[in-house]
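Here's the structure we're looking at; comments come further down.
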C-alpha cells in the first residue's frame, strides 16, 4: 500500500504500484500493489473476476493501466504491447494457447522473431530449442507438429517460446486448469528449475492447494483489492487463504446424508464410440447409476468422458453396445427422446453447448420446456409464463442479474452455470449427467453447484458426475468409476472396500491405466 | 493534437481506446446511433453533391419532396417499397437462422413466374372472378418461391452444400427460366414479354376506387402493401412468439445448443429456406399482378431480392422495422431518379448504407478518447 516509496529494493525484479484498471461498470484493479522478487515463485490467488488476470495483463502489456506505475529492476517502464513487455523480460503464458497447429514446435517458437531472417535453417534451431528444453526440464520434440502434442506438451511449447525470447519473469495464467495430475507435477518441476536458474515466476490460480504447494509467497486479490500482499506461503493455512479470497470461511467437507440407492436408472453396457476425428474413444465401457446416488467418473481429460456424456445424451453415435434409461434404450435415439424421458445434461462447455449467448435468460431456461404447456400453447409461446418461470428460477437459484431479459453472454461463469443447472434441475429429471460442472468457477460458486447436485441425489435422482477434480469426486460421490482410454479401470465405493488413505493412490494408479484387479493382486503380492 | 510519431516518442498523446460494451446499452441507444449515422451520411452526401456542382440543401429538399412530398409521390414510394418489403422479410427469416439466402431475387422471379403461369398456361380461365384469381395466384407464387428455397435448403441439410453459392447460382437459373417462357412459349408477337394479364387478375389498386373516393385518383398503391404488412406481422409472431420461431432463433444463435435442446436442425434448415422462398415468391407475385401486369424480365428482375438483403440487415432482421426501412429505400429509389437517373442518388444510397452498417460498431464497442501519459 506504500505508493510513496521511491527507493528501489534491489531484490525486486518487478514492482507494480497503485495500479488502477477499470472496465465498463467494473473496477477490476483498485490501486493494486504487487512485488515480485528475483528467483521466487509468487502465487497470485483470487476468485474468478477478482482481477488477477487483469493485473497480469497490465504487466504483460496487453492492457494499459489507468493509474499507477510499473518498475522493472527498479526503473519505471511503460509497456504499450506484449512485445514491449517481452523486451523488458516479462512474458505471459495465457490460459488459451496461441500456437499454429500445422507447424512444428521450432516454427512456433520462432514465429514473429527477426531471426532467422530469410533462410530458415530449421535443424540448427531444432538443436537450440532442444537444448533450451533440456535446461529447464521441458521435454518436447522440436520437430513435432503442434496438433500431435498433448495439451501439457503444448503448454511446454508456450513456455519455451517465452524462454527463447529471454524472459526473466514468466507469468502463468491458470496453468494447471488444462493439465492432468502427472503433468501438473511435471510443470512444477519445470517451474522450480526455472527459479533455480534465476528466473522469477508468477503463478495465477484460484486453486488453494496448488498455490500452497508451489508458491514461495502469495498475494491474494479480492474484488480488485489486495487482501494479502506477498505473505510467505509456509506461514499461512489454506483456510486463511480461502477466507482472504472469498471473505468468509469455506466449508471443505460436504455435508451429506447416507446413500440410499434405489434401482438402476442408467445402464451403460459395453459401449463403443468414436471421437470427432473418427478414432475409437470408448471401447467397451460399462457402468450403471442407481436412483438416489451420485456416481463419479474420474479420469484425466480426453479419455472418453466427453464422448460418453454425448452418447448418453444422444448427441453421438453409439457403434456397439447400448445405453438404457429406466429400461428404454436412449443410445442412437434423438436428443429429444432423452429429454422427454427425464434426462438432464449439464454439458462440459457452458457457452458453446449449454447456452445460447445472445438470447435472454428467459429464452435459455425454456430450452427444454418450450415444447410443452404451459409455455407452449398450440404452437405459440406464452412469454409471460416463460418470464415468470425465469424469475422464479432467478430467485430460487440465486442468479445475480438485474432482469431475466439480459442476454446470458453478459453473465459470469458462476451465474451462467446456475442458469444451466436451474434449467436442468427444474425439469425434475430422473437422471442427470453433469460434466465438469464446477470447472472455472470460484469457491463460492463451486459450493453452490455441489449443494445443487446433492439436492438432486436427495430428491432421488441418479446423478453421473464427470470431473477431473478428485477432491470434488471424493466428497460428493457414493461410488467412483475410473476411466482410462475409453475403458473402466475399476470401481470403488467411497468409504467402502478400499481404505481411505490408499483410495487416492488407487484411483491415481487407475487413472494412469492400471486396472483395479492388477492393483489388488500386486498389493497382495507385496504384502507376502 | 499530435502526429502518430509522438506516440512512439513517448510524449503526452491523445489516445483512442476501443473496448467492448460489457453491459447492454439502453434501448434508446441503437435508435440514436442509427439517426446519427443517417445524419452523418446526409452530410457526406451533401459534400458529394457540392463537389458535383449542386446545391446540397436544395437537392435534399427535392429528394424529400419527390419521395414523400405529396400523396401522389408517397403512393409511388409505397409501390416501390412493397416488393422490397417482401424480399427483405424473406431474407430476414433465413438470416435469423444464419442461413445466408442470397437467392431472394431468384425466388422472387420464380414467384412471379408461378403467379403468371396460373393466367398464361392457363390454369384458370381469363374470366375467373378476382376473389378466386388472387388467392390462387398467391398460393402459386409462394409455392414456386418455396420450391426455389427448398432446393438449396435440402442440399444444405443433406449434403452441407454452401447455401450462399447455391442460392446465388439459382438466381441466374431463375432468370434464364423465365426468359425461356417470355421469349418462347408465352411471347407476345415476338417481343420479350407476355400478353397483358386480364384485369380481374390484377391486385386492386387505390385508383380503382377513385369513383367513390376522389382523393384516390391516380394512386397506384396496390393490395400488395396489405399483403406485405400482414406478412411482416405474421412473421414477427412466428419469430418472437411461436415454438418454431424459438427454434429458429436458438439455431441461429448457437446450433450446438439447439442440437443439445433436441431440435432437428436439418428439418428446420429445409423449412426455413422454404418459408424464405415463399415470402420472396409472394413478393414476385405482388409485383407482377400489382404493377407490371405481365411477365417481363426487366421490371420484375430489378434486383429487389438484393435490395432486400440490405434492408433486412439494416432493420436488424426485425420484421416490423423492415416495413419502415423498406419505405425509406422505396423513397430513395424513386427520388433518386428525380435528380439523376443514376450516379449521385445511388452514391447517396451507398453512403447511407455504409454509415448505417459502420454504426453497428458503436453498438458493440465503446470508444473513448483520452489524454494519456506516455
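What pairs come up if the first residue lies in the stretch A:305-319 and is on the phi > 0 side of the Ramachandran plot, the second is buried (at least 24 other Cβ atoms within 10 Å of the Cβ) and assigned to a helix (DSSP H, G or I), and their beta carbons are under 6 Å apart, counting only those six or more places apart or on different chains?
Cβ pairs passing all conditions: A:314/A:338.
Which of the following residues is surrounded by fewer than 23 Cβ atoms within 10 Å (Cβ to Cβ) and not in a helix (DSSP H, G or I): B:294, B:267? Spell out the reasoning first.
Working: B:267 fails: not in a helix (DSSP H, G or I).
Answer to the selection: B:294.
Test residue A:160 against the criterion of being surrounded by 20 or more Cβ atoms within 10 Å (Cβ to Cβ) and more than 22 Å from residue A:110 (Cα to Cα), and give yes or no. Walk me through it before giving the result.
On the way: surrounded by 20 or more Cβ atoms within 10 Å (Cβ to Cβ): yes; more than 22 Å from residue A:110 (Cα to Cα): no.
When the stated conditions are applied, residue A:160 does not pass them.
Please go through the stretch A:312-331 and give me each residue that is within 14 Å of another protein chain (Cβ to nearest Cβ) and in a loop (DSSP other than H, G, I, E, B), ordered by number.
Result: A:314, A:315, A:316, A:317, A:330.
Give me the pairs, please: first residue somewhere in the stretch A:384-402 and in contact (Cβ under 8 Å) with a residue 40 or more places away in the chain, second residue anywhere and assigned to a helix (DSSP H, G or I), beta-carbon distance under 6 Å, and either six or more positions apart or on two chains.
Going by the 6 Å Cβ cut-off, the qualifying pairs are A:397/A:418; A:397/A:422.
Being more than 14 Å from chain A (Cβ to nearest Cβ) and at pLDDT 95 or above narrows it down to one of B:161, B:215, so name that one. So that I can check it myself, show each step before the final result.
Values: B:215 fails: at pLDDT 95 or above.
None of the other options fit; the residue is B:161.
Where residues in the stretch B:43-70 are within 30 Å of residue B:104 (Cβ to Cβ) and surrounded by fewer than 18 Cβ atoms within 10 Å (Cβ to Cβ), which of them is modelled with the highest pLDDT?
Filtering the stretch B:43-70 for residues that are within 30 Å of residue B:104 (Cβ to Cβ) and surrounded by fewer than 18 Cβ atoms within 10 Å (Cβ to Cβ), the one modelled with the highest pLDDT comes out as B:44.
Report whether or not residue A:43 is within 27 Å of the chain's Cα centre (by Cα), more than 14 Å from chain B (Cβ to nearest Cβ) and farther than 26 Å from residue A:196 by Cα. Reasoning before the result, please.
Values: within 27 Å of the chain's Cα centre (by Cα): yes; more than 14 Å from chain B (Cβ to nearest Cβ): yes; farther than 26 Å from residue A:196 by Cα: no.
So residue A:43 does not fit the description; no.
Evaluate the following for residue A:371: is it closer than 23 Å to residue A:309 by Cβ, in a loop (DSSP other than H, G, I, E, B) and at pLDDT below 90? Quick ask: steps written out before the conclusion?
Details: closer than 23 Å to residue A:309 by Cβ: yes; in a loop (DSSP other than H, G, I, E, B): yes; at pLDDT below 90: no.
Against the criterion (closer than 23 Å to residue A:309 by Cβ, in a loop (DSSP other than H, G, I, E, B) and at pLDDT below 90), residue A:371 does not qualify.
One line per residue, one yes/no per condition, for (1) over 26 Å from residue A:90 (Cα atoms); (2) out of contact with any strand residue (DSSP E or B) (no Cβ under 8 Å at 6 or more places or on another chain):
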position	(1), (2)
A:118	yes, yes
A:123	yes, yes
A:127	no, yes
A:132	no, yes
A:136	no, yes
A:144	yes, no
A:147	yes, yes
A:151	no, yes
A:156	no, yes
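Using the structure shown, decide if residue A:352 is surrounded by fewer than 18 Cβ atoms within 10 Å (Cβ to Cβ), in contact with a helix residue (DSSP H, G or I) (Cβ under 8 Å, 6 or more places away or on another chain) and farther than 28 Å from residue A:514 by Cα.
When the stated conditions are applied, residue A:352 passes them.
On the given criteria, is residue B:331 more than 27 Å from residue B:113 (Cβ to Cβ), under 15 Å from the mean Cα position of the chain (by Cα) and surrounded by 20 or more Cβ atoms within 10 Å (Cβ to Cβ)? Steps first, answer last, please.
Numbers: more than 27 Å from residue B:113 (Cβ to Cβ): yes; under 15 Å from the mean Cα position of the chain (by Cα): yes; surrounded by 20 or more Cβ atoms within 10 Å (Cβ to Cβ): yes.
For residue B:331, the condition - more than 27 Å from residue B:113 (Cβ to Cβ), under 15 Å from the mean Cα position of the chain (by Cα) and surrounded by 20 or more Cβ atoms within 10 Å (Cβ to Cβ) - is met.
When you go through (1) closer than 18 Å to residue B:249 by Cβ; (2) within 11 Å of chain B (Cβ to nearest Cβ); (3) more than 17 Å from the chain's Cα centre (by Cα) one by one for residue A:389, which number turns out not to apply?
(2)
Any idea which of (1) surrounded by 16 or more Cβ atoms within 10 Å (Cβ to Cβ); (2) at pLDDT below 85 is the one residue A:7 doesn't satisfy?
With (1) surrounded by 16 or more Cβ atoms within 10 Å (Cβ to Cβ); (2) at pLDDT below 85 applied to residue A:7, the lone miss is (1).
Would the stretch A:267-275 turn up any residue that is in contact (Cβ under 8 Å) with a residue 24 or more places away in the chain, in the same structural domain as residue A:39 (by TED's automatic domain parsing) and either surrounded by fewer than 16 Cβ atoms within 10 Å (Cβ to Cβ) or over 23 Å from the mean Cα position of the chain (by Cα) (or both)?
To start, the set of residues in the stretch A:267-275 that are in contact (Cβ under 8 Å) with a residue 24 or more places away in the chain comprises A:267-275.
The next check asks that each one be in the same structural domain as residue A:39 (by TED's automatic domain parsing); those that pass are none.
Within the stretch A:267-275, none of the residues are in contact (Cβ under 8 Å) with a residue 24 or more places away in the chain, in the same structural domain as residue A:39 (by TED's automatic domain parsing) and either surrounded by fewer than 16 Cβ atoms within 10 Å (Cβ to Cβ) or over 23 Å from the mean Cα position of the chain (by Cα) (or both).
Checking residue A:283 against (1) part of a strand (DSSP E or B); (2) in contact with a helix residue (DSSP H, G or I) (Cβ under 9 Å, 6 or more places away or on another chain): exactly one of these is not met. Which one?
If we test residue A:283 against (1) part of a strand (DSSP E or B); (2) in contact with a helix residue (DSSP H, G or I) (Cβ under 9 Å, 6 or more places away or on another chain), just (2) comes out false.
Check A:293, A:307, A:348, A:392 and return the single one that is farther than 22 Å from residue A:484 by Cα and either touching a strand residue (DSSP E or B) at 6+ places or on another chain (Cβ under 8 Å) or in the same structural domain as residue A:180 (by TED's automatic domain parsing) (or both). Quick ask: steps written out before the conclusion?
On the way: A:307 fails: farther than 22 Å from residue A:484 by Cα; A:348 fails: farther than 22 Å from residue A:484 by Cα; A:392 fails: either touching a strand residue (DSSP E or B) at 6+ places or on another chain (Cβ under 8 Å) or in the same structural domain as residue A:180 (by TED's automatic domain parsing) (or both).
Answer to the check: A:293.
Checking residue B:176 against (1) more than 18 Å from residue B:271 (Cβ to Cβ); (2) out of contact with any strand residue (DSSP E or B) (no Cβ under 6 Å at 6 or more places or on another chain); (3) not in a helix (DSSP H, G or I), which test does it fail?
Among (1) more than 18 Å from residue B:271 (Cβ to Cβ); (2) out of contact with any strand residue (DSSP E or B) (no Cβ under 6 Å at 6 or more places or on another chain); (3) not in a helix (DSSP H, G or I), residue B:176 violates only (3).
Give me the pairs, please: first residue somewhere in the stretch B:212-236 and within 30 Å of residue B:246 (Cβ to Cβ), second residue anywhere and surrounded by fewer than 15 Cβ atoms within 10 Å (Cβ to Cβ), beta-carbon distance under 7 Å, and either six or more positions apart or on two chains.
Cβ pairs passing all conditions: B:232/B:320; B:236/B:320.
Please determine, by comparing only the residues of the stretch A:168-186 that are in contact with a helix residue (DSSP H, G or I) (Cβ under 6 Å, 6 or more places away or on another chain) and modelled with pLDDT of 90 or more, which one is surrounded by the fewest Cβ atoms within 10 Å (Cβ to Cβ).
A:170
The values are calculated or read from the model by the stated rules, or taken from the named source; none is laboratory data. Quick caveat: nothing in here was measured; it's all calculated off a predicted structure. Note that each Cβ is placed from the backbone with ideal geometry, even for glycine, and that neighbours are counted across all protein chains shown.
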